[in-house]
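K.L.:
Dropping the structure in here first, questions after.
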Amino acid sequence: MPQLERAPEPPYGAVGRPAAAVATAPAPAGGTRAVPARALDLVLRYAMVGVLVALLIVANALSPGFFEIGNLRNILTQNAAVGVVAIGMTFVIIAGGFDLSVSAVAAAGTVLFASFAGHASIPLAVLGVLACALVAGLFNGLVITRLRVNPFVATLGSSSIIAGLALLYSHSQPIVPSKAGFDFLGTGTVAGVPTSIVVLAAGFAVGGVVLAKHVFGRAVFAVGGNAEAARLSGMRVDTIRTITYLISAACAAVAGLIIASQTGVGQADVAANITLDSIAIVIIGGTSLLGGEGAMWRTLVGLLILATINNVFDSLALDTAAQSVVKGSIVIVAVTLDAFTRSRQR
């Protein structure tokens, strides 16, 4: 019986596709085309470190004594309070939250510290301020997690409440304590290092270890990255978020202690800009406003950038309006870099 001829089959590659398709397939991700992409990702990741280095070079050129020990000590001392607040703000923002009440908590902390120090020992006064701050942080956390109020609105409202209570408590008057040791956090030293700098360094060290190494830090990233996935995996999302507000309030209270110790007075209308400055520090450092991404070392970079700008502008006696323009521009650049990085990841 005659055999029927079969039409010739098109040549196929090893994976079942036509050879032409195999020849024109895109290069694998690990090929040479990925090298520039990885380099760009590296540049984006450490862009603000480069900005800090450039600023330090410019600062030294404009002010030759910038790197003197005395000047560096002054820079860190002047920015210790806002730096401590930024530490707590980092936890909140990574967890996908927002805290606008830190200025009010810090101001109330100055009032309570000055008041408590007049009736109790300094350690007891410090503990009393921290206890009151934790109540404020718990209030924020419960309103946000239990009542499902937007963090922006909830902390804006609590900021008004706390500021009003501080004014009522102090009768809108500054409180000046006379107890010895009240100024230790602000002007005292530990082994020759200003106490405020020691507190700031300890805060960054502990916060960095918790975020990078501790299970709670990993949970904060998980909640900020995808709260529903974290909940389905068994994490107590509401509890974790509430704890971040407790941390933020405690840091704001410590900032209030430092401010009161530096100025020697408790006043309910101080630290008005500390909220915006702390948020700017976190954003400038590279922590994402959308949550789930960030690091404590990034916040440190943001703090050093902001502190360097402030010092240079002060040394040159330039207008504070120009300083605001520069700060705002850097924040916009930082947010733009974050958005571009996220789009590349998607």
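The values are calculated or read from the model by the stated rules, or taken from the named source; none is laboratory data. Since the model is a prediction, treat every value here as computed from it, not as a measurement. Reconstructed Cβ throughout: ideal geometry from the backbone, glycine too, with neighbour counts over all protein chains shown.
K.L.:
Please tell me if I259 is part of a helix (DSSP H, G or I), of a type outside the set (S, T, Y) and modelled with pLDDT under 95.
P.N.:
Considered against the rule, which asks whether it is part of a helix (DSSP H, G or I), of a type outside the set (S, T, Y) and modelled with pLDDT under 95, I259 comes out as no.
K.L.:
Can you tell me which residues in the range 50-92 are among the hydrophobic types (A, V, I, L, M, F, W, C) and within 30 Å of P151 (Cα to Cα)?
P.N.:
A80, A81, V82, V84, V85, A86, I87, M89, F91, V92
K.L.:
Name every residue in the range 322-339 that is within 13 Å of I309 (Cα to Cα), free of Cβ contacts under 8 Å to residues at least 40 places away in the same chain and among the aliphatic types (A, V, I, L, M), in order of residue number.
P.N.:
A322, V325, V326
K.L.:
Let me ask something else. How many residues, within the range 272-291, are crowded, with 24+ Cβ neighbours inside 10 Å and assigned to a loop (DSSP other than H, G, I, E, B)?
P.N.:
Number of matching residues: 2.
K.L.:
Looking at the structure I just gave you, is S248 more than 18 Å from V210 (Cβ to Cβ) and touching a helix residue (DSSP H, G or I) at 6+ places or on another chain (Cβ under 9 Å)?
P.N.:
No; evaluated as a whole, the condition is false for this residue.
K.L.:
Just checking, which of I305, I309, I332 is surrounded by 19 or more Cβ atoms within 10 Å (Cβ to Cβ) and not acidic (D, E)?
P.N.:
I305
K.L.:
Within the range 52-73, can you find the residues that are within 20 Å of I197 (Cβ to Cβ) and without any contact (Cβ under 8 Å) to a residue 40 or more places away in the chain?
P.N.:
G65, F67, E68, I69, G70, L72
K.L.:
Please work out which residue is modelled with the lowest pLDDT, limiting yourself to the range 81-104 and to residues that are outside any helix (DSSP H, G or I) and not acidic (D, E).
P.N.:
So, considering only residues that are outside any helix (DSSP H, G or I) and not acidic (D, E), the one modelled with the lowest pLDDT is F98.
K.L.:
Restricting attention to the range 99-116, which residues are buried (at least 24 other Cβ atoms within 10 Å of the Cβ), within 21 Å of I144 (Cα to Cα) and of a type outside the set (G, A, S)?
P.N.:
Within the range 99-116, D99, V102, V105 qualify.
K.L.:
Does S170 satisfy being within 21 Å of G109 (Cα to Cα), touching a helix residue (DSSP H, G or I) at 6+ places or on another chain (Cβ under 8 Å) and either of a type in the set (D, E) or touching a residue at least 40 places away in the same chain (Cβ under 8 Å) (or both)?
P.N.:
yes
K.L.:
Another question about this same structure. Filter the range 295-324 for residues that are in a loop (DSSP other than H, G, I, E, B) and out of contact with any Leu (no Cβ under 8 Å at 6 or more places or on another chain); which is farthest from I283 (Cα to Cα)?
P.N.:
Only one residue fits best here, namely A317.
K.L.:
Would you check if there is a residue in the range 264-271 being of a type in the set (D, E, K, R), touching a residue at least 40 places away in the same chain (Cβ under 8 Å) and either crowded, with 21+ Cβ neighbours inside 10 Å or assigned to a helix (DSSP H, G or I) (or both)?
P.N.:
Looking through the range 264-271, none of the residues is of a type in the set (D, E, K, R), touching a residue at least 40 places away in the same chain (Cβ under 8 Å) and either crowded, with 21+ Cβ neighbours inside 10 Å or assigned to a helix (DSSP H, G or I) (or both).
K.L.:
Residues to consider are R241, R236; find the one that is more than 15 Å from V102 (Cβ to Cβ) and over 22 Å from the mean Cα position of the chain (by Cα).
P.N.:
R236
K.L.:
Give the residue, chosen from A163, A202, A133, A154, that is under 30 Å from G70 (Cβ atoms) and not aromatic (F, W, Y).
P.N.:
A202
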